[in-house]
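Enquirer: Here it is, the structure, as structure tokens.
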Amino acid sequence: MRRWFGTRASALTWRDRFERIRANKIFETLVIAIIIVSALLVGAKTYPETGRFHYWLLAMDMAVTVFFLVEIVIRMAAEKRLRDFFKQGWNVFDFLIVTASLVPLGGSDMVLLARLLRIFRVLRLVSMIPELRMLMAALIKSIPRMGYVALLMFIIFYIYAAIGSFLFVDVDDYLWGNIATAMLTLFRIATFEDWTDIMYATQEAYAWSWIYYLTFIFLTAFIFLNMMIGIVLDVMQKESAAIDRENGEGEEAELQDLRHDVRQLSGQIARLEASLQRQDDDHR
């Protein structure tokens, strides 16, 4: 029995140690620094001048991969149950990135795949920094709402492209030859890429064509763009409020656990005092 309790206490001690390592700010900073080093290694391999340092870069890449593997094992060992680790989406994301990084660089058929997978290790910065996690979560949750705005933008693009292809095809067949090329031209106008040159060319044939361009820019660049920005800001505010609520609930839960432990300890002390009192009475 003592041996079982000793083994149990030792296991709990190891888990507590891993938990301290995982929660250590220095360890988190080191992980972020290694992620940045990994990104720099990927960038360095794109320069032909670094070919003479191929073996050094390969050794550093292997060291980074081993570090990420050890780091993910520590985070998994710090959980009470292994399945608790995979309940969080960011943990699953990190696990997939680290697992994908284990693809060796040696095989000729797998070199390209391995290099592409190592590029995604930079995304681990998102999972390590809470502010970036909030931004990413807000972006993902705002995509469905932005989809409706994008659909409305597509309708406006389609209408204006049809009008432009009918009216301006004689001015410039390359830009307005059909509805597909006209939509590409309108996208160029919406991004303000030399759109005045296109307008001046059509104004030589149609002096009123400035109305066409200004109304299109007003709808796309001012209204729809601001609608998308408003959607993202609204979702970010909700995400920030949800995080604040979760932090408050977490602190409240910790306080409740602490109160529960204090009550249990008080009960144990009371029972111990009563037992001591009975033993004292028996001796008398």
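Enquirer: Counting only Cα atoms, I'd like the Rg/Rh figure for the range 43-154, Kirkwood definition for Rh.
Expert: Values: Rg = 18.1 Å, Rh = 16.7 Å.
Rg divided by Rh gives 1.08.
Enquirer: Using the Cα centre of the range 108-231 as the reference point, and only Cβ charges (+1 on K/R, -1 on D/E), how large is the resulting charge dipole? Debye, rounded to the nearest 20. Walk me through the numbers on the way to the answer.
Expert: Working: 8 positive and 9 negative charges, 227 e Å.
Computed charge dipole of the range 108-231: roughly 1100 debye.
Enquirer: Moving to a separate point now. Can you list the HN-Hα couplings for the range 31-44, worked out from phi with the Karplus curve (6.51, -1.76, 1.60; θ = phi - 60°), rounded to whole Hz and with x for Gly and Pro?
Expert: 4, 4, 5, 5, 4, 5, 4, 4, 5, 5, 5, 4, x, 5
Enquirer: What is the mean projected area of the alpha carbon convex hull for the range 130-197, to one decimal in square nanometres? Spell out each step's value before the answer.
Expert: Details: hull surface 23.4 nm².
Orientation-averaged projected area of the Cα hull: 5.8 nm².
Enquirer: Residue separation times 0.36 nm, minus the C-alpha to C-alpha distance between ILE36 and GLN237: what's the value? Can you show the working numbers first?
Expert: Working: separation 201, 0.36 × 201 = 72.36 nm, distance 2.89 nm.
Value of the extension gain: 69.5 nm.
Enquirer: I would also like to ask the following. Zone of ARG115 (label point 7 Å along Cα→Cβ, backbone N under 17 Å): which residues in the range 29-44?
Expert: 38-44
Enquirer: Another one. Note down the accessible area of LEU41, probe 1.4 Å, to the nearest 10 Å².
Expert: Rounded to the nearest 10, the figure is 10 Å².
Enquirer: Sticking with this structure for a sec: Give or take rounding to whole Å, what are the principal axis extents of the alpha carbon atoms in the range 133-250, in descending order?
Expert: 68, 20, 17
Enquirer: A further question on this structure: Using the basic label-point model (7 angstrom from Cα toward the beta carbon), what is the VAL66 to PHE154 distance in nanometres?
Expert: 5.0
Enquirer: I would also like to ask the following. What FRET efficiency, computed as 1/(1 + (r/R0)^6) with R0 = 51 Å and r the Cβ-Cβ distance, is obtained for ALA100 and ARG271, rounded to the nearest 0.05? Write out the running numbers ahead of the final one.
Expert: Values: r = 55 Å, r/R0 = 1.09.
For ALA100 and ARG271, the calculated efficiency is 0.40.
Enquirer: While we're on this one: At 0.36 nm per residue, minus the direct Cα-Cα distance, what do GLN264 and VAL73 gain on full extension? Give it in nm, one decimal, please. Could you put the intermediate results ahead of the total?
Expert: Details: separation 191, 0.36 × 191 = 68.76 nm, distance 3.44 nm.
Separation in residues times 0.36 nm, less the Cα-Cα distance, equals 65.3 nm.
Enquirer: Grab the Cα-Cα distance for ARG278 and GLU28, subtract it from 0.36 nm times how many residues apart they are, and report the gain in nm with one decimal. Write down the numbers at each step before the final one.
Expert: On the way: separation 250, 0.36 × 250 = 90.00 nm, distance 5.36 nm.
Residue separation times 0.36 nm, minus the Cα-Cα distance, leaves 84.6 nm.
Enquirer: Right, here's the next one. May I ask you to give the solvent-accessible area per residue for the range 159-228, in square angstrom, as obtained with a 1.4 angstrom probe?
Expert: Solvent-accessible surface per residue comes out at 58 Å².
The values are calculated or read from the model by the stated rules, or taken from the named source; none is laboratory data. Note that the coordinates shown come from a computational prediction; the quantities given were computed from them, not determined experimentally. Neighbour counts run over all protein chains shown; Cβ positions are idealised from the backbone, glycine included. Side chains are part of the model used for accessible areas, which takes the heavy atoms of the whole protein and leaves out ligands, DNA and RNA. Shrake-Rupley method; radii C 1.70, N 1.55, O 1.52, S 1.80 Å.
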